[in-house]
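Got a structure for you, questions after.
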Amino acid sequence: MPLEISAKTILNKKKKPDEWFLDDYTLNPYSGCSFNCLYCYIRGSKYGIHMEEKLAVKTNAAELLEKQLRNLAKKNKYGVIVLASATDPYLQIEKEMGLTRRLLEVILKYRFPLHVITKSDLVMRDFDLLHKIDESAILPPNLQGKTKRGLFITFSFSTLDDKVAKIFEPGATPPSVRLQILEQTSTAGFHCGVSMMPVLPFISDTEEQMDNMLTAFSKAGAKYVFPASLTLFGEGPADSKTLMFRAVEKHYPDLYERYKKLFPGDFRAAGYYQAELSAKTNRLLKKHGIKNRIV
Ligand code: SF4
């Protein structure tokens, strides 16, 4: 059984929403993430190497959300809620817990717009509620006139290769399945797209691979794609830099030195790499006619 915790607050207000994610508010039903991506920015000693062991359910999440959204709606402080920013809202455990589904019911009741970010096929279970949120959400002033949609669904990919994904994001739904779910999400009429965060240096970032990925995303109905470079933090045993370097050394020994040079100290990749990646992604997005923003 997972750990159970009682959260003090459930909805976090962002000072300045990100241009990609449009996150006025963030909402995380679980603490930690059993998808266990090695590159995950939440990694560190708090969650350990095997994050599923420390996964915790915020048992009072729906009650807290009800209280917070009721207050915000009264003050007319509508804004996009990002579900989720520090876990996946559709972990395996969600099948039994139904916690994300209960949160969606509250979001629908108070008519807040929503941006779901996931690597999971389980999102399809909630298409009924997600359609209703899409139709009834009240948009904040900064989005009025730019879109009529009240819901966005973004699928995260770092690769389209299931074997590569098994190394770097071992607990997540395989990308081949994720791609099918993206297509079904688009066919169901949702405004959906892709977060390529991160693209894996020298593994999934060649011009040809990214071109193939964008072809697949476009074919599956993605309306937007936002690609970004890998970031790696920390030197501790459970930190993303340690885990990624170890995995590269084991599975891609030829790339190990290149990775070390790419991340000499900073959490960001070297400037030349970021500039090349940015030029490449802009070129390819233009070629495929895909936007790099939701609105
Ligand atoms: S799915 Fe997202 S939150 Fe979960 S481990 Fe992967 S990157 Fe982190």
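Only the coordinates and a few stated rules stand behind these numbers; no lab work does. For clarity, every value in this text was computed on a predicted model and none was experimentally measured. When we count neighbours, we look across all protein chains shown, and the Cβ atoms used for this are built from the backbone with ideal geometry, even at glycine.
Name the residues whose placed amide hydrogens come within less than 5 Å of the amide hydrogen of Ile117, ignoring near sequence neighbours (fewer than 5 apart) on the same chain.
Leu83, Ala84, Thr154
Would you mind putting 277-285, 58-66 in packing order, based on average other-beta-carbon counts within 10 Å, highest first?
Result, highest mean Cβ count within 10 Å first: 58-66, 277-285.
Write down, largest first, the equivalent ellipsoid semi-axes of the chain in whole Å, where each equals the square root of 5 times an eigenvalue of the alpha-carbon gyration tensor. Kindly include the intermediate steps, with their values, before the conclusion.
Working: eigenvalues 186, 108, 59 Å².
So the equivalent ellipsoid measures 31, 23, 17 Å along its semi-axes.
What ³J(HN,Hα) values, in whole Hz, does the Karplus curve 6.51 cos²θ - 1.76 cosθ + 1.60 give for the stretch 229-234 when θ = phi - 60°, with x put for Gly and Pro?
Here the 3J(HN,Hα) series is 6, 5, 10, 9, 10, x Hz.
Tell me, in nm to one decimal, what length is gained between Arg102 and Glu19 on full extension, where the rule is 0.36 nm per residue of separation less the Cα-Cα distance?
27.1 nm
Measure up Lys14/Lys77; Lys8/Lys46; Lys14/Lys148; Lys146/Lys287; Lys8/Lys58; Lys77/Lys148 against 20 Å on the Cα-Cα distance and list the ones that go over.
Checking Cα-Cα distances, Lys14/Lys148; Lys146/Lys287 exceed 20 Å.
Over 26 Å between C-alpha atoms is what I'm after, so list which of Lys219/Lys280; Lys260/Lys280; Lys223/Lys261 land there. Intermediate values should be presented prior to the final figure.
Numbers: Lys219/Lys280 20 Å; Lys260/Lys280 22 Å; Lys223/Lys261 35 Å.
Check vs 26 Å cut-off fails for Lys223/Lys261.
Sort 253-266, 164-177 by the packing proxy (mean of other Cβ within 10 Å over each peptide's residues), most packed first. Walk me through the intermediate numbers first.
Numbers: 253-266: 12.8, 164-177: 19.1.
Put in order of decreasing packing, that is 164-177, 253-266.
For the chain, which cysteines have no disulfide-compatible partner, meaning no other cysteine Cβ under 4.7 Å?
Cys33, Cys192
If you don't mind, another one. Helix-derived [θ] at 222 nm for the chain: sum -39500 (n - 2.57) over DSSP H runs of at least 4, divide by residue count, nearest 500?
Values: 10 runs with 111 residues, N = 295.
Per the formula, -11500 deg cm²/dmol.
Restricting to bridges with both residues inside the chain, how much of the DSSP beta-bridge set is antiparallel, in percent to the nearest 5?
Rounded to the nearest five, the antiparallel share is 20 percent.
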